[in-house]
1. Might you let me know whether segment 79-93 holds any residue that is farther than 27 Å from V137 by Cβ and in contact with a Gly (Cβ under 9 Å, 6 or more places away or on another chain)?
2. Taking segment 75-104 only, how many residues are crowded, with 18+ Cβ neighbours inside 10 Å and not polar (S, T, N, Q)?
3. Looking only at residues that are of a type in the set (D, E, K, R) and touching a Phe, Trp or Tyr at 6+ places or on another chain (Cβ under 9 Å) in segment 146-181, which one is nearest to N83 (Cα to Cα)?
4. Please give the strands (runs of 3 or more DSSP E) falling wholly within segment 99-169 in which 3 or more residues are closer than 24 Å to K61 by Cα and modelled with pLDDT of 95 or more.
5. Tell me, which helices (runs of 4 or more DSSP H) lie completely within segment 3-45 with 3 or more residues that are among the charged types (D, E, K, R), surrounded by fewer than 18 Cβ atoms within 10 Å (Cβ to Cβ) and out of contact with any Cys (no Cβ under 6 Å at 6 or more places or on another chain)?
Amino acid sequence: MIKLEYFNRTDFDQLIEWIKDDELLMNWSGSLFNFPLTEKSLEWYIDDVNDINNSDVFVYKGVDTATGKAIGHISLGSISKKNRSGRISRVLVGGEENRGKGCCKGMVKAVLKIGFDELKLHRISLGVYDFNKAAIVCYQKAGFKIEGISRDVLLFKGEWWSLVEMSILEEEWSINNSEAL
């Protein structure tokens, strides 16, 4: 089982350790950060976050409940109360030993529960680079639908990356969750 806890300054070193190269950083954050990731560059990232009344972004670490160890990172941002929508971003399962074990799906389901059950959102979206097939499958297993592809949105080392846009609606979340019970 995976639970989410707020990501804070004490988690910086773990995240920095997981992001070992510029390609992984770009895949995780787009052009939000520069390589190498540093504590200083992460400081602004967690300013004014995680306040359910005043924030439009929530940043979490995924924790394996069996071991108590952090296994990943995920955020839910771009919260629009008017449109009851949000966007998942910066999803990372840290460490090779944690991959392929359902950790990504566990973190995504946990953040969807927060988005739909606590924040009462209607729609949650995300974008994933089209070559990240494992992530696309993970998101589909969590109930996301592919909406389309934004072609050639990012140029990295002479290669264009395209972004698969995906979303899930509250009705789909409800159906997906009731089937799991």
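1. yes
2. 12
3. Only one residue fits best here, namely E170.
4. Answer list for segment 99-169: 123-129, 159-169.
5. The helices (runs of 4 or more DSSP H) meeting that bar are 39-43.
The values are calculated or read from the model by the stated rules, or taken from the named source; none is laboratory data. In this text the structure is predicted, and so the values were computed from the model without any measurement. Methodologically, a virtual Cβ is constructed for each residue, glycine included, from the backbone with ideal geometry; neighbour enumeration extends over all protein chains shown.
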